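Asker: Handing you this structure, nothing more for now.
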Amino acid sequence: MVSPAIAPPDARTLNAWRRWGYRLLPGDLFSYVLHMRPAEWPIMAGHTLLGYVLAVGVGGVLHGQQLAEALRALVIWVVFLNGGTLAINSVFDRDEGDIGYLNAPPPLPRYLLHVSLALLLGGQLLALTLPAGFQIAYAICFVLSLLYSVPPFRFKAVAGVDWLINMWGFGTLTPYAAWAATGRPLDVGYGLILLAFCPLFAGLYPLTQLYQFEEDRRRGDRTLALILGMRLSLRVATVCTVLAFALLTSAAVLLDVGTKGYAIVVPLVLWLMVLVPWLLRHDHWSPAQHQRGMYRALAAWAVTDLTVLFVFAT
């Protein structure tokens, strides 16, 4: 957990953004920020705000309806919960190679565990300023974060359990949190939309592990992707993705969105354009190619979020 006071030069001079960060926050201070992986925050923020826009509609957003609550929920969920979760994950993973949203991670700052726990606990206290649904969602994900990374549980190393935690935590509870922050009750139609992101993330999750096969194997982690193997992981991802779009289609029928519902085909096609070539050629791909495949899947996820807003945000 204790690291040298000065990180290796390549960790601090990797790019202009990092050099600027270490000038602004000298010593190990910027390393704390990096281990919160702010590169993921825009993706997390977008998926969180999806629930807010669905709850109040486009008109409600334009009129600033419950905007203060939504922004407070966003900061609590993205910075405190997600940032704290990724930081505590770094503490116990001790990755040396590239990890998701952080290439060439700097050595762990001495008090990273303390900072990560302070973020998670502080977020739970701040959650008390929002409706009960948000408080409960935060509490569930807080507990799941600890179970996911911290020994003796460390469920991220238990294939299948790690998958379940992520599909519910990121997939469904994240947009639900922003929905709950508005205080609006959740009906069946919109519940199906939020539920659809559970299998969608179930499909995305093994894709995030394929480029870390060797490092996970060296560390002794039995990740879902390692247990399934690359081919079956990609097949599972494809089936889960199709299931997610079946749920979105059901929601479109139930909510009677009309011809706008046909737009759901667009992100489905994008997902298949990522998954099918990956499935056919994975045997010949390098870790760097698998990593690029993961980022293409994340782009398809972003398009899915935008399409859901177009179809369902009235």
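Asker: For the range 102-180, please list each of the helices (runs of 4 or more DSSP H) lying entirely inside it that holds at least 1 residues being more than 19 Å from the chain's Cα centre (by Cα).
Answerer: Numbers: elements: 112-127, 132-149, 161-166.
Filter on the range 102-180 gives 112-127, 132-149.
Asker: Against the condition of a type in the set (V, I, T) and crowded, with 24+ Cβ neighbours inside 10 Å, how does T174 come out, does it pass?
Answerer: yes
Asker: Within the range 158-208, take every residue that is aromatic (F, W, Y) and under 21 Å from Y52 (Cα atoms) and give me the one that is modelled with the lowest pLDDT. Show your work before the answer.
Answerer: The first filter runs over the range 158-208 and keeps only residues aromatic (F, W, Y), leaving 163, 168, 170, 176, 179, 190, 197, 201, 205.
Within this subset, residues satisfying the condition of being under 21 Å from Y52 (Cα atoms) are 168, 170, 176, 179, 190, 197, 201.
Details: W168: 95, F170: 91, Y176: 98, W179: 98, Y190: 97, F197: 97, F201: 94.
Restricting to residues being aromatic (F, W, Y) and under 21 Å from Y52 (Cα atoms), the top hit is F170.
Asker: Here's something else I'd like to know. When the residues of the range 137-146 are narrowed to those that are touching a residue at least 24 places away in the same chain (Cβ under 8 Å) and of a type in the set (A, V, I, L, M), which ends up farthest from G171 (Cα to Cα)?
Answerer: Here the residue is L146.
Asker: Out of L81, L54, report the one residue that is under 15 Å from the mean Cα position of the chain (by Cα), surrounded by 22 or more Cβ atoms within 10 Å (Cβ to Cβ) and at pLDDT 95 or above. It would help to see each step written out before you state the result.
Answerer: Details: L54 fails: under 15 Å from the mean Cα position of the chain (by Cα).
Testing whether each residue is under 15 Å from the mean Cα position of the chain (by Cα), surrounded by 22 or more Cβ atoms within 10 Å (Cβ to Cβ) and at pLDDT 95 or above leaves just L81.
Asker: What's the total number of residues in the range 44-74 that are in contact (Cβ under 8 Å) with a residue 24 or more places away in the chain and within 23 Å of C141 (Cβ to Cβ)?
Answerer: 19
Asker: Take the residues in the range 197-248 that are out of contact with any helix residue (DSSP H, G or I) (no Cβ under 7 Å at 6 or more places or on another chain) and under 17 Å from R154 (Cβ atoms), then tell me which one is surrounded by the fewest Cβ atoms within 10 Å (Cβ to Cβ).
Answerer: Of everything passing the filter in the range 197-248, G220 is surrounded by the fewest Cβ atoms within 10 Å (Cβ to Cβ).
Asker: Please report, ordered by residue number, the helices (runs of 4 or more DSSP H) entirely within the range 211-314 with at least 3 residues that are more than 30 Å from G59 (Cβ to Cβ), of a type in the set (S, T, Y) and not assigned by TED's automatic domain parsing to the domain that holds L62.
Answerer: Working: elements: 213-219, 224-228, 230-255, 265-281, 287-312.
It comes to 230-255.
The values are calculated or read from the model by the stated rules, or taken from the named source; none is laboratory data. Everything numeric here is computed off the predicted structure, so don't read it as measured data. With ideal geometry, Cβ positions are generated from the backbone for all residues, glycine too; neighbour counts draw on all protein chains shown.
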